[in-house]
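Everything below concerns the one structure shown next.
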Amino acid sequence: MTNPLTTQLSRRQFLRGGILAAAGAGVLGSGPLVWAYHSDFVPAVIIGSGFGGAVAALRLGQAGIDTVVLERGRRWPIRRDGDTFATFEKPDGRAYWLRDRTGEAILGLPQLEKPIDRYVGVLEVIQGNGIFIGAGAGVGGGSLVFNAIIVKPRRELFERVFPRAIDFDEMEDVYYPRVKRILRSAPIPDDILATEYYRSSRVSLDQARTAGFPTRPVDLAVDWDIVRDEIAGRRTPSAIAGQSFYGLNSGAKRSLDHNYLARAEATGNVEILPLHSVAAIERGPNGLYVVTAFHISDDGQVVGRTRRLVCKYLFLAAGSIGTTSLLVRAKATGALPALNDHVGQRWAANGDIPVTRGALPPTNAGTGGPAGHFIMEDLDNPFGPTSLVELVLPPHINAALSAVGAPPHLANYASLGIPPAIGSFSYDHTTDAVDLNWPAADPRLANFLAAAQQTLSVLDQRNGSLTLSFNPAVSAHPLGGAVLGKACDFAGRVERYPGLYVVDGALIEGSTGLANPFFTITALAERCMDHILWRDRLSNGV
Ligand SMILES: Cc1cc2nc3c(=O)[nH]c(=O)nc-3n(C[C@H](O)[C@H](O)[C@H](O)COP(=O)(O)OP(=O)(O)OC[C@H]3O[C@@H](n4cnc5c(N)ncnc54)[C@H](O)[C@@H]3O)c2cc1C
């Protein structure tokens with residue numbers, strides 16, 4: 001059987017003949033070339049196909065730069081029979097990245113955990129020291145599991161968390177609109193919001209008004225016509241059935257494989273290689289980068305020989321934790337020894353805390369996803385600004401909580417705040433592991449936590465409701481580790497390593513300013529790619 005990587009690279013003449021021919025012609029200088037004999041050359045490599053990676057792929061492809069995207073997960077084409085993804089009711093390996101059990105224990109509900117087959121599923125649970133993080137895995141990264149909520153931060157909060165070099169006006173005029181156009185996002189239409197499925201959103205909106213918190217509608221990267229088809233019985237009930245983060249079987253999510261990545265591949269210059277997990281990066285002689293990747297099977301086993309790609313331009317887009325881990329390991333092992341001391345620092349989870357409330361008016365909980373049809377903001381909070389975005393309550397969790405006598409009529413939220421970015425990463429030489437460290441008991445977090453609790457307390461007091469669960473030990477918004485203006489310059493160029501770039505959530509210092517993060521991550525990646533393509537004169541030659 002032919003190896004897909006070799007076949008694809010051969011077709012476009014990136015095989016080691018390319019690099020060795022170049023070496024023979026003296027292009028590479030006189031350094032040792034043993035590494036090159038075992039490697040394939042490609043001008044640009046992107047690690048990861050989430051938001052940052054998808055933007056880099058499209059813009060490199062359009063610029064005519066031959067590019068390979070290495071993605072550890074599989075593709076998830078929507079099947080006509082409505083069985084692409086696992087569901088909350090019938091979970092299987094498709095739900096989680098290489099786990100033996102579902103993840104409800106992390107939410108304090110161990111009785112709901114079920115055994116599943118170990119598979120390259122869509123949702124990864126990363127256990128840090130002091131925090132659990134959820135992240136997407138597969139072609140499209142976080143867009144496979146996201147709730148599709150698009151929030152632009154307010155100017156004053158953006159300017160509070162980003163360095164002045166990242167100009168809000170430019171983001172607002174150029175980059176946010178560019179992303180919105182490609183994702184074709186839109187707020188929930190009134191006819192859908194008025195249905196019984198979305199009762200919970202209407203209740204939350206009323207409660208915000210009663211509490212005196214301003215609200216604004218948010219866009220969702222959702223095809224609302226597909227949701228209408230679900231309501232009419234023409235598609236598998238998915239969004240309306242309260243599914244979200246194992247994927248939507250109706251295809252209503254506008255995930256990156258349907259827009260950015262599809263357009264990148266259509267340029268003819270971009271190859272996406274799924275099931276290729278990158279283990280290490282290094283700089284070879286002559287300033288080229290060497291990427292070591294394992295081709296893995298559906299159950300995560302390594303198949304075939306270890307691949308080594310050599311490239312001139314290496315784009316890190318493996319998500320905040322994936323990208324930072326590769327950099328921290330490379331610094332600690334001497335593969336990229338000149339990385340500065342900011343690498344692996346300034347991390348936080350966007351102040352994202354899952355919250356469940358009860359004793360509300362009837363919410364029809366467990367329906368009406370994917371989520372977050374508006375954001376409520378508590379900007380005058382004495383401890384610090386906060387916001388709440390409604391999330392769908394998974395139906396099996398709603399059923400279980402009701403069965404154990406929780407107050408009726410529940411609703412789920414992401415509470416967002418602005419935490420100090422005091423998380424960091426460390427390398428363990430004995431295990432070769434990189435650990436995420438979040439000092440959950442650090443007094444510097446007290447204000448941010450008090451702010452979130454204060455908002456909930458006002459909401460409950462004014463509405464006669466109850467907050468049932470507030471869990472700062474779980475988040476889905478990892479940000480930081482290779483931050484703009486510290487580990488990288490303001491366009492994502494890694495300091496001291498020409499041709500090495502970070503284009504994902506690792507660039508952002510712990511917060512996008514009271515907003516769900518992917519809109520800002522994607523807009524910032526667009527900005528980085530503009531700067532890189534204008535200034536760095538990328539070309540296909542060795
Ligand atoms: C359940 C859930 C719901 C969410 N909902 C929302 C929402 O509604 N709105 C919002 O703004 N944000 C949401 N988020 C957060 C959002 O998904 C992330 O902020 C965003 O995906 C981060 O983008 P990124 O480009 O940094 O990385 P990612 O999108 O995480 O992409 C990283 C990619 O790299 C791949 N990868 C990692 N390591 C390797 C490796 N070693 N080799 C090869 N490939 C690798 C991964 O498989 C993944 O595809 C949600 C997150 C979760 C988990």
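When 436, 445 are checked against the criterion of being part of a strand (DSSP E or B) and open to solvent by less than 40 Å² (accessible area, probe 1.4 Å), 436 stands alone in meeting it. Quick one: is residue 149 within 30 Å of residue 458 (Cα to Cα), within 11 Å of the ligand (Cβ to nearest atom) and either among the aliphatic types (A, V, I, L, M) or open to solvent by less than 20 Å² (accessible area, probe 1.4 Å) (or both)? Yes, satisfied.
Looking only at residues in segment 487-512 that are among the aliphatic types (A, V, I, L, M) and within 13 Å of the ligand (Cβ to nearest atom), the one that is farthest from residue 313 (Cα to Cα) is 508.
The set of residues in segment 283-305 that are within 14 Å of the ligand (Cβ to nearest atom) and either surrounded by 15 or more Cβ atoms within 10 Å (Cβ to Cβ) or modelled with pLDDT under 95 (or both) comprises 291, 292, 293, 294, 295, 296, 300. Reported count of residues in segment 108-123, each being of a type outside the set (Gly, Ala, Ser), within 13 Å of the ligand (Cβ to nearest atom) and assigned to a loop (DSSP other than H, G, I, E, B), is 1. Here the condition is being at pLDDT below 95 and in a strand (DSSP E or B); of 372, 405, it holds for 372 alone. For segment 173-196, residues that are closer than 18 Å to residue 52 by Cα, surrounded by fewer than 18 Cβ atoms within 10 Å (Cβ to Cβ) and not basic (Lys, Arg) total 2.
Under 6 Å by Cβ, and 6 or more places apart or on different chains, what pairs join a residue from segment 271-282 that is in contact (Cβ under 8 Å) with a residue 40 or more places away in the chain with one that is surrounded by fewer than 21 Cβ atoms within 10 Å (Cβ to Cβ) and polar (S, T, N, Q)? Short answer, once both residue conditions are applied: 271/8; 280/292.
Residues that are out of contact with any helix residue (DSSP H, G or I) (no Cβ under 6 Å at 6 or more places or on another chain) and at pLDDT below 50: list the helices (runs of 4 or more DSSP H) wholly contained in segment 5-103 that include at least 1 such residues. Please lay out each step first, then the result.
Working: elements: 16-24, 34-37, 51-62.
Where helices (runs of 4 or more DSSP H) fall fully within segment 5-103 and carry at least 1 residues being out of contact with any helix residue (DSSP H, G or I) (no Cβ under 6 Å at 6 or more places or on another chain) and at pLDDT below 50, they are 16-24, 34-37.
Of the residues screened, residue 196 is not one that is without any contact (Cβ under 8 Å) to a residue 60 or more places away in the chain and more than 21 Å from the chain's Cα centre (by Cα).
Okay, residues lined up against (1) aliphatic (A, V, I, L, M); (2) crowded, with 22+ Cβ neighbours inside 10 Å; (3) within 11 Å of the ligand (Cβ to nearest atom); (4) within 28 Å of residue 513 (Cβ to Cβ):
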| position | (1), (2), (3), (4) |
| --- | --- |
| 101 | no, no, no, no |
| 106 | yes, no, no, yes |
| 125 | yes, no, yes, yes |
| 131 | yes, no, no, yes |
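Taking the listed residues 204, 244, 250, the one that is touching a residue at least 40 places away in the same chain (Cβ under 8 Å) and outside any loop (DSSP other than H, G, I, E, B) is 204, with no other qualifying.
State yes or no: is residue 316 open to solvent by less than 10 Å² (accessible area, probe 1.4 Å), within 12 Å of the ligand (Cβ to nearest atom) and touching a Gly at 6+ places or on another chain (Cβ under 8 Å)?
Values: open to solvent by less than 10 Å² (accessible area, probe 1.4 Å): yes; within 12 Å of the ligand (Cβ to nearest atom): yes; touching a Gly at 6+ places or on another chain (Cβ under 8 Å): yes.
Spelling it out, residue 316 is indeed open to solvent by less than 10 Å² (accessible area, probe 1.4 Å), within 12 Å of the ligand (Cβ to nearest atom) and touching a Gly at 6+ places or on another chain (Cβ under 8 Å).
On inspection, residue 459 does not qualify as in contact with a Leu (Cβ under 9 Å, 6 or more places away or on another chain), in a strand (DSSP E or B), away from the ligand (no atom under 16 Å from the Cβ) and not aromatic (Phe, Trp, Tyr). Within segment 394-425, the residues that satisfy the criterion of being of a type outside the set (Val, Ile, Thr) and within 24 Å of residue 512 (Cα to Cα) are 412, 413, 414, 415, 416, 417, 419, 420, 421, 423, 424, 425.
Out of 385, 408, I need the residue that is in contact (Cβ under 8 Å) with a residue 40 or more places away in the chain and surrounded by fewer than 20 Cβ atoms within 10 Å (Cβ to Cβ). Which one? Break it down into steps so the answer makes sense when it comes.
Details: 385 fails: surrounded by fewer than 20 Cβ atoms within 10 Å (Cβ to Cβ).
The conditions single out 408.
Within segment 279-309, being assigned to a loop (DSSP other than H, G, I, E, B), of a type outside the set (D, E, K, R) and within 17 Å of residue 40 (Cβ to Cβ) holds for 284, 288, 304, 306.
Only residues that are within 15 Å of the ligand (Cβ to nearest atom) and buried (at least 18 other Cβ atoms within 10 Å of the Cβ): list them for segment 462-486, please. Once the filter is applied, which keeps residues that are within 15 Å of the ligand (Cβ to nearest atom) and buried (at least 18 other Cβ atoms within 10 Å of the Cβ), segment 462-486 yields 474, 475, 476, 477, 478, 479, 480, 481, 482, 483, 484. Residue 166 falls short on exactly one of the conditions (1) open to solvent by 10 Å² or more (accessible area, probe 1.4 Å); (2) over 27 Å from residue 83 (Cβ atoms); (3) part of a loop (DSSP other than H, G, I, E, B), and that condition is (1).
The values are calculated or read from the model by the stated rules, or taken from the named source; none is laboratory data. Keep in mind it's a predicted model, so treat the numbers as computed, not measured. Cβ atoms come from the backbone with ideal geometry, glycine included; neighbour counts cover every protein chain shown. With ligands, DNA and RNA removed, areas are computed over all heavy atoms of the protein, side chains included. Shrake-Rupley method; radii C 1.70, N 1.55, O 1.52, S 1.80 Å.
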